[in-house]
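Peer 1: Have a look at this one.
The values are calculated or read from the model by the stated rules, or taken from the named source; none is laboratory data. All figures in this text were calculated on a predicted structure; none of them were measured in a lab. As a convention, Cβ positions derive from the backbone with ideal geometry for all residues, glycine included, and neighbour counts pool all protein chains shown.
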Amino acid sequence: MNPWSPAQFSEQLRQVGRDRYHDKHPFHLLMNEGRLDRQQICLWVANRFYYQKNIPIKDALLLSRCPLREVRRRWVQRILDHDGFGDDPGGIEKWLRLGEAVGLNRDELERDLILLPGVRFAVDAYVNFVATRPWIEGVASSLTELFAPALMTERLAAFERHYTWIDPAALAYFRSRPSLARRDSDHGLTLVTEYCRTRAEQECAVAALRFKCDILAAQLDALYHHCIARPDQLPR
Ligand code: AHQ
C-alpha cells in the first residue's frame, strides 16, 4: 500500500478526533452545560489529577525511548510544563490549587484517595503504552491535543458561567494550557509526518491516536458510571 501524503495522513489523524475525541463524551457535555454538582466536579478534579501527574512520567518514558537528541531537546519542555521550572509552578501545581478551590486537600489528591479503579487502569495503560511501544507511537498518542484547545476554551467558559462557587483564579490551568497544547500538537504532528514514512507506520500512528482517545473516554466512562449513571445519582 502506498503511504498517505502528508495532507492525507493529517486528515486521517484529524478524523480520529472527529469520531472519538472525548469532547463529545456525555460527562463533558453535562459539565459544559453546567449540570454537574459540587461532588461530581470534585470527583472529576481528583481523578483528572491522576492523569495530569502521570503525564510527565509518560513523557520521561518517551524521552528514554527516543534516540534523537533534536527530538528530546524539544520534548523535554513538556515535563517542565507540568512539573514546573524556576518560578513557574507547573501544571500539576495548578491542578492542586484547583483541587483546593473545589474543597479537596492536597493530601487526598497526592495519595490518590479518591481515585476510581477505571481511571487508574486507563491512565496506567497510557503510561504502559508509551513505555513499551516505539517512541513515535507515543508521539502519535499525544496528538489528542490537536483537539484539546477548543474543548478547554469551552470548559473555561462553562466554569466561569456555571460553577461560580470556584475561585476564578483556580482556573489558571485552563487559561494556560491551550497555547501549550497547540505548540505541542504542532510539534507532534511534524514528528509523525517526518518519521512515519511507510503506510504501515502511518496506520500504527492512527491506531495509537485511536487508542489514546479510548484512554480518555474510559476515564470519563468510570466517572459517569460512578457519579451519574447509578440509579441513586440520576439527574432529577
Ligand atoms: O491537560 C492536558 C495535558 O497536559 C495533556 C498532555 C497530552 C498528552 O501528552 O497526552 N494530553 C493532554 C490532555 C490534557 N487535557 C485534557 C482535557 O480534556 O483537558 C485533554 C488531554 C488530551 O487531549 O490528550
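Peer 1: Enumerate the helices (runs of 4 or more DSSP H) found wholly within region 133-236, keeping only those where 1 or more residues are farther than 24 Å from Arg73 by Cα. Let's see the steps before the verdict.
Peer 2: Numbers: elements: 135-141, 148-162, 172-195, 199-224.
The qualifying helices (runs of 4 or more DSSP H) are 148-162, 172-195, 199-224.
Peer 1: Looking at Gly86 and the list (1) away from the ligand (no atom under 12 Å from the Cβ); (2) under 20 Å from Pro149 (Cβ atoms), which single condition is not satisfied?
Peer 2: (2)
Peer 1: Using the structure shown, decide if Leu98 is within 11 Å of the ligand (Cβ to nearest atom) and modelled with pLDDT of 95 or more. Steps first, please.
Peer 2: Details: within 11 Å of the ligand (Cβ to nearest atom): no; modelled with pLDDT of 95 or more: yes.
So Leu98 fails the test.
Peer 1: All but one of (1) within 11 Å of the ligand (Cβ to nearest atom); (2) free of Cβ contacts under 8 Å to residues at least 40 places away in the same chain; (3) in contact with a Cys (Cβ under 9 Å, 6 or more places away or on another chain) hold for Ile55; state the number of the condition that does not hold.
Peer 2: If we test Ile55 against (1) within 11 Å of the ligand (Cβ to nearest atom); (2) free of Cβ contacts under 8 Å to residues at least 40 places away in the same chain; (3) in contact with a Cys (Cβ under 9 Å, 6 or more places away or on another chain), just (3) comes out false.
Peer 1: Something else about it: Pull up region 122-168, narrow it to residues that are of a type in the set (S, T, N, Q) and without any contact (Cβ under 8 Å) to a residue 40 or more places away in the chain, then point me to the one that is nearest to Cys66 (Cα to Cα).
Peer 2: Going through the qualifying residues, I end up with Thr132.
Peer 1: Among the listed residues Arg120, Arg175, Arg161, which satisfies the condition of being more than 16 Å from the ligand (Cβ to nearest atom), at pLDDT 95 or above and either within 17 Å of Gln52 (Cα to Cα) or surrounded by 17 or more Cβ atoms within 10 Å (Cβ to Cβ) (or both)? Please lay out each step first, then the result.
Peer 2: Working: Arg175 fails: more than 16 Å from the ligand (Cβ to nearest atom); Arg161 fails: either within 17 Å of Gln52 (Cα to Cα) or surrounded by 17 or more Cβ atoms within 10 Å (Cβ to Cβ) (or both).
Selected residue: Arg120, the only one of Arg120, Arg175, Arg161 that is more than 16 Å from the ligand (Cβ to nearest atom), at pLDDT 95 or above and either within 17 Å of Gln52 (Cα to Cα) or surrounded by 17 or more Cβ atoms within 10 Å (Cβ to Cβ) (or both).
Peer 1: Every residue in region 127-157 that is within 12 Å of the ligand (Cβ to nearest atom) and more than 22 Å from Asp214 (Cβ to Cβ), please.
Peer 2: Thr153, Leu156
Peer 1: In this structure, does Arg74 turn out to be assigned to a helix (DSSP H, G or I) and either more than 15 Å from the ligand (Cβ to nearest atom) or over 23 Å from Ile166 (Cβ atoms) (or both)?
Peer 2: yes
Peer 1: Something else now. Between Ala131, Ala181, which is surrounded by fewer than 18 Cβ atoms within 10 Å (Cβ to Cβ) and of a type outside the set (Asp, Glu)?
Peer 2: Values: Ala181 fails: surrounded by fewer than 18 Cβ atoms within 10 Å (Cβ to Cβ).
One residue alone meets the criteria, Ala131.
Peer 1: Let me ask something else. I want to confirm something. Restricting to region 1-43 and keeping residues that are among the aliphatic types (A, V, I, L, M) and not in a loop (DSSP other than H, G, I, E, B), which single residue is farthest from the ligand (Cβ to nearest atom)?
Peer 2: Among them, the one singled out is Ala7.
Peer 1: Moving on to the next point. Picking from Ile92, Ile55, Ile79, Ile41, which residue would you name as being surrounded by 14 or more Cβ atoms within 10 Å (Cβ to Cβ) and over 16 Å from the mean Cα position of the chain (by Cα)?
Peer 2: Ile41 is the lone residue from the list that is surrounded by 14 or more Cβ atoms within 10 Å (Cβ to Cβ) and over 16 Å from the mean Cα position of the chain (by Cα).
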